[in-house]
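The values are calculated or read from the model by the stated rules, or taken from the named source; none is laboratory data. Note that the coordinates shown come from a computational prediction; the quantities given were computed from them, not determined experimentally. Here the Cβ positions follow ideal geometry from the backbone for every residue, glycine too, while neighbour counts run over all protein chains shown.
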Amino acid sequence: MAKTNSKGKGGSIGLSRRTFLTRSALVAGGIAGSSLFPFAASAQSRRVDNIGLQLYTLRKELAEDFDGTLARVAELGFKEMEFAGYYGRSAAQIKTALETNGLVSPAAHIQWAAIRDNLQAEIDRAVGIGQRYIVIPYLQENERTLDHYKRLIDTLNSAGEACRDAGLKIAYHNHDFEFDTVDGVVPYDLLLTETDPDLVDMELDLFWIAYAGADPLAYIKDHAGRFSMLHVKDLSADRKMTAVGEGTIDFEAIFAHADIGGFKHYFVEHDNPVDAFDSVTTSIASVRGMRF
């Protein structure tokens, strides 16, 4: 089982800084330049290249002006969009809007109920948009019993087979509650150990795992290759969500473990920003400046 509380709640996420030898070894081994990892590399450092955005951050803006919002996002330099709703548009319309702005969408958040009740339609839509992942994003409060987690595991494994047959992969996105012990079990540990790693990936939300007081690096090391996607969002000293670079999380130390974790997609997000475009502008600038 992964260590879940190497830091108390509210503490800065420790995570040792990367070293020159680690960077050099990764580059020398060809890992940093591999197509599996979306960052540019040199002999000195790596950086995230294709920075993504979870569009839940801009849900109000998208509802008011879908095409204009995507255009602004592209102008800021984002490359990959993760959807959380399609605003009444078909897969073909979404794909056209993305292509118009030079964007792609690797993933979307789809509720557990939709996966249970209408999986094939969700697969067809994902394929039509050109996505690679369908992500279950959240559990309602009444779905957080141990029995529900076991049902979720069954859903993930069975949906994972159907997704694989369509060239997709199913994934699960965490909040903080998955790290709260339920009947003597840490649900996130159960999800990792009982889902088939060949069928099910994890989208690691760096804010929520930090908020829970758990150690992301412990999970990354103990479950290598499971974390194809990251939600890049920051935790302030007073335990609030903030723009990337304005909080306490050492993203560079986490990103330096991309080869171990299997990171492929980095989605900036803020759940409830005061000014959404101000937040994502600050966040993408911070991610661009990171070296690891």
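His257 fails exactly one of the following numbered conditions: (1) within 26 Å of Arg132 (Cα to Cα); (2) in contact with a strand residue (DSSP E or B) (Cβ under 9 Å, 6 or more places away or on another chain). What is the number of that condition?
Going through (1) within 26 Å of Arg132 (Cα to Cα); (2) in contact with a strand residue (DSSP E or B) (Cβ under 9 Å, 6 or more places away or on another chain) one by one, His257 breaks only (2).
Among Ser236, Ser228, which is the only one that is hydroxyl-bearing (Ser, Thr, Tyr), at pLDDT 95 or above and closer than 24 Å to Gln131 by Cα?
After ruling out the rest, the residue left standing is Ser228.
Going by the conditions given, is Arg132 basic (Lys, Arg) and farther than 15 Å from Ala108 by Cα?
no
Do the conditions hold for Asp201, that is, is it part of a strand (DSSP E or B) and under 19 Å from the mean Cα position of the chain (by Cα)?
yes
How about the stretch 22-72: which of its residues are at pLDDT 95 or above, surrounded by 14 or more Cβ atoms within 10 Å (Cβ to Cβ) and assigned to a loop (DSSP other than H, G, I, E, B)?
The answer is Asn50, and nothing else.
Give the stretch 166-198 a look and list any residue that's out of contact with any Pro (no Cβ under 9 Å at 6 or more places or on another chain), assigned to a helix (DSSP H, G or I) and of a type outside the set (S, T, N, Q), or say none.
Pro187, Tyr188, Asp189, Leu190, Leu191, Leu192, Glu194, listed by residue number.
Quick check on Asp165: is it acidic (Asp, Glu) and either farther than 25 Å from Lys264 by Cβ or under 20 Å from the mean Cα position of the chain (by Cα) (or both)?
For Asp165, the condition - acidic (Asp, Glu) and either farther than 25 Å from Lys264 by Cβ or under 20 Å from the mean Cα position of the chain (by Cα) (or both) - is not met.
All but one of (1) closer than 22 Å to Asn50 by Cα; (2) free of Cβ contacts under 8 Å to residues at least 40 places away in the same chain hold for Ser158; which doesn't?
Only one criterion in (1) closer than 22 Å to Asn50 by Cα; (2) free of Cβ contacts under 8 Å to residues at least 40 places away in the same chain is unmet by Ser158, namely (1).
Go through the stretch 161-184 and report how many residues are crowded, with 21+ Cβ neighbours inside 10 Å and either free of Cβ contacts under 8 Å to residues at least 12 places away in the same chain or small (Gly, Ala, Ser) (or both).
Qualifying residue count, the stretch 161-184: 1.
Condition first: within 19 Å of Ser286 (Cβ to Cβ) and surrounded by 19 or more Cβ atoms within 10 Å (Cβ to Cβ). Now tell me which residues in the stretch 212-240 satisfy that.
Across the stretch 212-240, the qualifying residues are Pro216, Met229, Leu230, His231, Val232, Lys233, Asp234, Leu235.
Conditions (1) part of a strand (DSSP E or B); (2) farther than 26 Å from Lys233 by Cβ, marked per residue:
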position	(1), (2)
Met81	yes, no
Gly85	no, no
Lys95	no, yes
Leu98	no, no
Ala107	yes, no
Ile123	no, yes
Ala126	no, no
Lys150	no, yes
Arg164	no, yes
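Any idea which of Phe263, Phe292 is crowded, with 21+ Cβ neighbours inside 10 Å, of a type in the set (Phe, Trp, Tyr), in contact (Cβ under 8 Å) with a residue 60 or more places away in the chain and within 12 Å of Arg46 (Cα to Cα)? Write out each step before concluding.
Details: Phe263 fails: within 12 Å of Arg46 (Cα to Cα).
The unique qualifying residue is Phe292.
Read through the list (1) in contact (Cβ under 8 Å) with a residue 24 or more places away in the chain; (2) surrounded by fewer than 24 Cβ atoms within 10 Å (Cβ to Cβ); (3) more than 13 Å from the chain's Cα centre (by Cα), then give the number of the only condition that Pro187 fails.
Of (1) in contact (Cβ under 8 Å) with a residue 24 or more places away in the chain; (2) surrounded by fewer than 24 Cβ atoms within 10 Å (Cβ to Cβ); (3) more than 13 Å from the chain's Cα centre (by Cα), only one is false for Pro187: (2).
May I ask you to list pairs of residues, at least six apart or on different chains, whose Cβ atoms are under 6 Å apart, with the first in the stretch 118-139 being under 13 Å from Ala162 (Cα atoms) and free of Cβ contacts under 8 Å to residues at least 24 places away in the same chain and the second being part of a loop (DSSP other than H, G, I, E, B) and not charged (D, E, K, R)?
From the stretch 118-139, the pairs are Glu122/Ile110.
Would you tally the residues in the stretch 53-74 being out of contact with any strand residue (DSSP E or B) (no Cβ under 8 Å at 6 or more places or on another chain) and farther than 14 Å from Ala97 by Cα?
Number satisfying all stated conditions: 6.
Say whether the condition of being closer than 21 Å to Ser105 by Cβ and either modelled with pLDDT under 95 or in contact with a Lys or Arg (Cβ under 9 Å, 6 or more places away or on another chain) (or both) is met by at least one residue in the stretch 179-201.
Taking the stretch 179-201 as the starting set, the residues that turn out to be closer than 21 Å to Ser105 by Cβ are 200-201.
Now drop any that are not either modelled with pLDDT under 95 or in contact with a Lys or Arg (Cβ under 9 Å, 6 or more places away or on another chain) (or both), which leaves 200-201.
Yes: the stretch 179-201 contains one or more residues that are closer than 21 Å to Ser105 by Cβ and either modelled with pLDDT under 95 or in contact with a Lys or Arg (Cβ under 9 Å, 6 or more places away or on another chain) (or both).
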